[in-house]
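A short worksheet on the structure shown next.
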Amino acid sequence: MQHAVQADEARTTVPGDEAATGGASGPAPGPAPGPGVERAAVEPVNKGEQRNLYAKRKKIYPRRARGTFRKVKWIVMAVTLAIYYLAPWIRWDRGPNAPDQAILIDIPGRRFYFFFIEIWPQEVYYLTGLLIMAALALFLVTSLFGRVWCGYTCPQTVWTDLFLVVERFFEGDRSARIRLDKAPWTARKVAKKAAKHVAWLVIAVLTGGAWVFYFADAPTLAADLVAFDAPLVSYVFIGLLTFTTYTLGGHAREQVCTYMCPWPRIQAAMVDADSMVVTYREYRGEPRGHYRKGESWEGRGDCIDCNQCVVVCPMGIDIRDGQQLECINCALCIDACNGVMDKVGRPRGLIAYDTLENVSRRATGQSLRVTLLRARPIIYASIILVVGAVMLGTLLTRPTLDVSVLRDRNPLFVRLSDGSIRNGYTLKVINKEHDTRHYKLSVAGAPDATLSVVGESGEAAPILTVEPDRLASFRVYVTLPAKDLKRSSLPIDFVVEDTASGTRATYDGIFRGPER
Ligand code: SF4
Ligand code: SF4
């Protein structure tokens, strides 16, 4: 496997260009490729070599990009981080007998709370449905816009971006960081590196800390954590997530996307020639070459070979080499190249979001193809709509009372001294309301049946009491006169009725007797 990497940069110093003041490293500075534009010398390693899966990592020093897509990434980063860190602190009033945390995975109570939705263990299919919808949404977005999930919202991208912000704050932009890494160890270098790693660790601890707040009442757990009174498992998970955040966001970075994540391989099946991806418009850019102010653009391409698109790339690749596995569609190279085009007075969009189909159509002057409405995204969107509608429908109409009955297998039945037949059952009643409910139990399908519930009174229609938001289990006996049993089994219905609201739940059961 080949990898595109950045070599050290060589640059001309251009007054007013912030990055150019960072000094040079690597090859000797070359001539400025265009007026007001510096040149960064880059050696993409994916040219003319077999990709080596175990190639030694070459450190990437992404330069800060400026432009529309960088702004979008800042906004997405701020919103996603705010959601992650603040969501456990949002309160949601569910009444006196339920937790007031809007998003809570209550493992001891075996519940998942999401604002007004409460998922019980036996309703885990809702989570399955949600995961299916999330996967299909990812397929849909990828088929339309390539790996925008990876470039903008994937946690690995967001945290790596955050760690890069910290790195730039302490060590400076690309050139300064390269110089610092090459410089001998001095007190100043140690101080800068130490400050960066401490800040990274603080972020990592906060990230791990925020995660555990999703599993317990956040204010209570926060107080317990500070007082070292929280459950051990909380500290273990904070430690685990601190380690993974620090390692993946601070050190592994692009290696996670290239080597660890399966999505780059899978997404190849979602993307086709009509997907919007970050593309280099080769027909416009080639033949590339340096440009001097006042020169004619006749007979040459718009690319001035400045490599600015490469030095901002967090994956260290050169988009001019075409579509590559490493590209996360973050569009920072678009921002960089647009800035260069502004400086040399050429139209923006030499690198742009486009489809491969339309890039070749533009090259040959054909009319462009509208690509959003095509079979693949329509199929994905249709499945999402169907699954979403089914889930929403069942969620809005699901009962607040649920009953299940398990008949005793051994013995199948008992013949009493008066000749009547008795069956034993275990009845489970789920009260999903947030107050105590009383339920009347009866049996339909056997008019002469008598009911008794261990520990409950009222033989004709025993009253079952269930605590709020709880599942209660009852031992139930149904007795029938032998003459009522014409066959060895008789279908009966257990009917549970809420005495306050009249809500009913029915469970189909079987009454067994001797063979006839
Ligand atoms: S594509 Fe744009 S940014 Fe990249 S080298 Fe050419 S001119 Fe420079
Ligand atoms: S090539 Fe461009 S879009 Fe792809 S990862 Fe690099 S900067 Fe982002």
May I ask which residue of Val124, Ala98, Ala135 lies farthest towards the positive end of the charge dipole of region 80-181, with charges of +1 (Lys, Arg) and -1 (Asp, Glu) on Cβ and the Cα centre as origin? Ala135
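Compute the length gained on full extension between Lys182 and Glu456: take 0.36 nm times their separation in residues and subtract their Cα-Cα distance, giving the result in nm to one decimal.
Numbers: separation 274, 0.36 × 274 = 98.64 nm, distance 8.06 nm.
Result: 90.6 nm gained on full extension.
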What's the center-to-center distance, using Cα atoms, between region 153-195 and region 437-482 in Å? 69 Å
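Using a Förster distance of 51 Å, how high is the FRET efficiency between Ser473 and Phe243, based on the Cβ-Cβ distance and rounded to 0.05? Provide the component values of the computation, followed by the final result.
Values: r = 42 Å, r/R0 = 0.83.
The formula returns an efficiency of 0.75 here.
Rounded, prolate or oblate for region 120-242? Axes are the square roots of the Cα gyration tensor eigenvalues, ordered a ≥ b ≥ c, and the cut-off for rounded is a/c under 1.5. Let's see the in-between values first.
Values: a/c = 4.20, a/b = 1.32, b/c = 3.17.
Here region 120-242 falls in the oblate category.
Compute the longest continuous run of the chain that contains no exposed chymotrypsin sites (Phe, Trp or Tyr not before Pro); treat a site as exposed when its DSSP state is not H, G, I, E or B and it has at most 12 other Cβ atoms within 10 Å. Please list the in-between numbers first.
Working: sites that count: Tyr54, Phe115, Phe116, Trp185, Phe228, Trp297.
Maximal segment without exposed cleavage sites: 298-516.
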Amide H neighbours of Ser489 under 5 Å, counting only residues 5+ apart in sequence or on other chains, H built in-plane at 1.01 Å? Gly513
Taking θ = phi - 60°, what integer Hz values does the Karplus form 6.51 cos²θ - 1.76 cosθ + 1.60 yield along region 405-421, in sequence order, with x for Gly and Pro? 10, 10, 7, 5, 8, 8, x, 5, 7, 10, 8, 7, 4, 8, x, 6, 10
About its Cα centre, what dipole magnitude does region 401-512 give when the only charges are +1 on Lys and Arg Cβ and -1 on Asp and Glu Cβ, stated in debye to the nearest 20? 560 debye
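How large is the dipole of region 464-516 about the Cα centre if only Lys and Arg carry +1 and Asp and Glu carry -1, each at its Cβ, rounded to the nearest 20 debye? Walk me through the intermediate numbers first.
Numbers: 8 positive and 8 negative charges, 88 e Å.
Rounded to the nearest 20 debye, it is 420 debye.
Which net charge results when you count Lys and Arg as +1 and Asp and Glu as -1 among the other residues whose beta-carbon is under 12 Å from that of Ile119? Intermediate values should be presented prior to the final figure.
Working: positive: Arg110, Arg111, Arg398, Lys432; negative: Asp106, Glu118, Glu123.
So the surrounding residues net to +1.
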Report, to the nearest 10°, how far helix 187-212 tilts away from the longest principal axis of the Cα atoms in the chain, using its own Cα long axis and a range of 0 to 90°. 20 degrees
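At 222 nm, what helix-only mean residue ellipticity would the chain give, in deg cm²/dmol to the nearest 500, using -39500 (n - 2.57) for each DSSP H run of four or more? Display every interim value, and only then the final one.
Values: 13 runs with 171 residues, N = 516.
Roughly -10500 deg cm²/dmol at 222 nm, from the helical runs in the chain.
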If you take the charge dipole of the chain about its Cα centre, with +1 on Lys and Arg Cβ and -1 on Asp and Glu Cβ, which of Gln323, Trp149, Tyr380 is farthest toward its positive end? Gln323
State, as an integer percentage, the relative contact order of region 401-512 based on alpha-carbon contacts under 8 Å between residues 6 or more apart. 32 percent
Students often forget the sequence filter, so: which lysines lie under 20 Å Cα-Cα from Lys58 once same-chain residues fewer than 8 apart are removed? Lys47, Lys182, Lys193
Let a ≥ b ≥ c be the square roots of the eigenvalues of the Cα gyration tensor of the chain; is it rounded (a/c under 1.5), or, if not, prolate (a/b larger than b/c) or oblate? prolate
Each residue of region 277-284 in turn: what ³J(HN,Hα) in whole Hz from Karplus with 6.51, -1.76, 1.60 and θ = phi - 60°, glycine and Pro shown as x? 10, 6, 10, 9, 7, 4, 4, 9
Of the chain, which part is the longest with no GluC sites (Glu not before Pro) in a loop (DSSP not H, G, I, E, B) and with at most 10 other C-beta atoms within 10 angstrom? 1-297
Working from Cα positions, state the angle (0 to 90°, nearest 10) between the long axis of helix 332-344 and the longest principal axis of the chain. 30 degrees
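Given a cut-off of under 8 Å on Cα pairs at least six residues apart, what relative contact order in percent is computed for the chain? Mind dumping the intermediate values first?
Details: 881 pairs, mean separation 76.4, N = 516.
Rounded, it is 15 percent for the chain.
Readers should treat all values here as calculations from the given coordinates under stated rules, not as data from a laboratory. This is a predicted model, so every value here is computed, not measured. Because the Cβ atoms are built from the backbone with ideal geometry, glycine has one as well, and the counts that use them run over all protein chains shown.
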